[in-house]
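Structure first, then comments.
The values are calculated or read from the model by the stated rules, or taken from the named source; none is laboratory data. This one's a predicted model, so the numbers in the text were calculated from it and none came from an experiment. In this analysis, Cβ positions are derived from the backbone assuming ideal geometry, glycine residues included, and neighbour counts consider all displayed protein chains. Side chains included, ligands, DNA and RNA excluded: accessible areas come from the protein's heavy atoms. Shrake-Rupley method; radii C 1.70, N 1.55, O 1.52, S 1.80 Å.
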Amino acid sequence: MNETPTRVYAEIDLDAVRANVRALRERAPRAALMAVVKADAYGHGALACAKAAQQAGATWIGTATPEEALALRAAGVEGRIMCWLWTPGGPWQEAVEAGIDVSVSGMWALDEVRAAARAAGRTARIQLKADTGLGRNGCQPADWAELVGAAVAAQAEGTVKVTGLWSHFACADEPGHPSIQLQLTAFRDMLAYAEKEGVEPEVRHIANSPATLTLPESHFDLVRCGLAVYGVSPAPELGTPAQLGLRPAMALKASLALVKTVPAGHGVSYGHHYLTETETTLALIPAGYADGIPRHASGRGPVLVGGKIRHVAGRVAMDQFVVDLGGDRVQAGDEAVIFGDAERGEPTAEDWARASDTIAYEIVTRIGGRVPRVYLGA
């Protein structure tokens, strides 16, 4: 994009993505790094971020859905790509033909990928997922022997190759939580069983972003980093991005659409939940919940306008919200920074998460498709 959009846009610093990948690799020097680009790279743009991460040394790319993985492959992303969120009838054959590693959590999935491999005439790369305590996807310990046995048999017939064994933490963002060690113990036990039965995985992995940052014993052969790749702290308890050696890659900016003076007692936005106390200046920011601005942050969300942090006045509407500037002078067309980097004095995704009673993951991921992405460092 040659011209900066004038309404609202997300500025994505790919140099920050590269720097974050390098910083995370330093945290796990003996492990390979997977850059997770699911959900359009947490709102940052999957293709651009996958390429930037690879340039910085990420040797794996991770997605949730097979459609995400196939889109990256079709766009020219080479190397190892893994996807893990499958449902019956999914595009198994396309994934096998594209050389994508697919996750298998149960017998139905193994049956479908074996059939796809036969139809494709090539060996499928599969990774067996263990449910070590998260209780979402993954095979329960009680069913592990059956799945491993069937996978080993499928490998012997040549339809699959078991390339990985993996799991996912429930509470790695809460250092010291008792479930962490329980899951590590379960994972080691399930690894030992699979390897005893003849599985020789290329990678064993359980560490997500917080575990990569805080739990070296969980790094194994590969760490999977998602939010941290984009320079957002995966949990306030772990520290700010700067304290973790990370740089936020996204800055959400808008141009003021209108600046006007209103009298005391004037209502602002739907429901008049905000009334001006004195004559004051209001600025209209042309972004709303249709763009991903959380309505739950009404009356609380912070915005940098005119060199000062302001807060949403009244309710966030579908396409716009208002800030009260007091007596400060700004004009239509001036920049508003909705969130960015605290090191530049800007509000952060974490600030908006607190204002919305949610997590920073949701704030960046929810920025909608009608918000253009402008890439720096491409």
Practice problem: Tell me, yes or no, whether the stretch 346-362 has at least one residue that is part of a loop (DSSP other than H, G, I, E, B), closer than 19 Å to LEU227 by Cα, touching a His at 6+ places or on another chain (Cβ under 9 Å) and not charged (D, E, K, R). | Solution: yes
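Suppose the filter is outside any loop (DSSP other than H, G, I, E, B), closer than 26 Å to ASP15 by Cα and of a type in the set (D, E, K, R); does LYS253 pass it?
Answer is yes for this residue.
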Exercise. Determine whether ALA349 is open to solvent by less than 30 Å² (accessible area, probe 1.4 Å), free of Cβ contacts under 8 Å to residues at least 12 places away in the same chain and of a type in the set (A, V, I, L, M).
Key: no
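I'm checking my understanding of the structure. Among residues of the stretch 136-154 that are free of Cβ contacts under 8 Å to residues at least 24 places away in the same chain and either open to solvent by less than 70 Å² (accessible area, probe 1.4 Å) or assigned to a helix (DSSP H, G or I) (or both), which one is nearest to ARG125 (Cα to Cα)?
In this case the residue turns out to be ALA153.
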Exercise. Filter the stretch 12-30 down to residues that are out of contact with any Lys or Arg (no Cβ under 6 Å at 6 or more places or on another chain) and open to solvent by 20 Å² or more (accessible area, probe 1.4 Å), then give me how many there are.
Key: 10
Quiz item: Applying the selection to the stretch 204-222, what residues are touching a residue at least 40 places away in the same chain (Cβ under 8 Å) and open to solvent by 10 Å² or more (accessible area, probe 1.4 Å)?
Solution: ARG204, ASN208, LEU213, THR214, LEU215, PRO216, HIS219, PHE220, ASP221
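Test of understanding: among THR59, THR63, THR87, which residue is within 17 Å of the chain's Cα centre (by Cα) and of a type in the set (S, T, N, Q)?
THR63
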Quiz item: Got at least one residue in the stretch 288-302 being buried (at least 16 other Cβ atoms within 10 Å of the Cβ), modelled with pLDDT of 95 or more, out of contact with any Phe, Trp or Tyr (no Cβ under 9 Å at 6 or more places or on another chain) and of a type in the set (Val, Ile, Thr)?
Solution: no
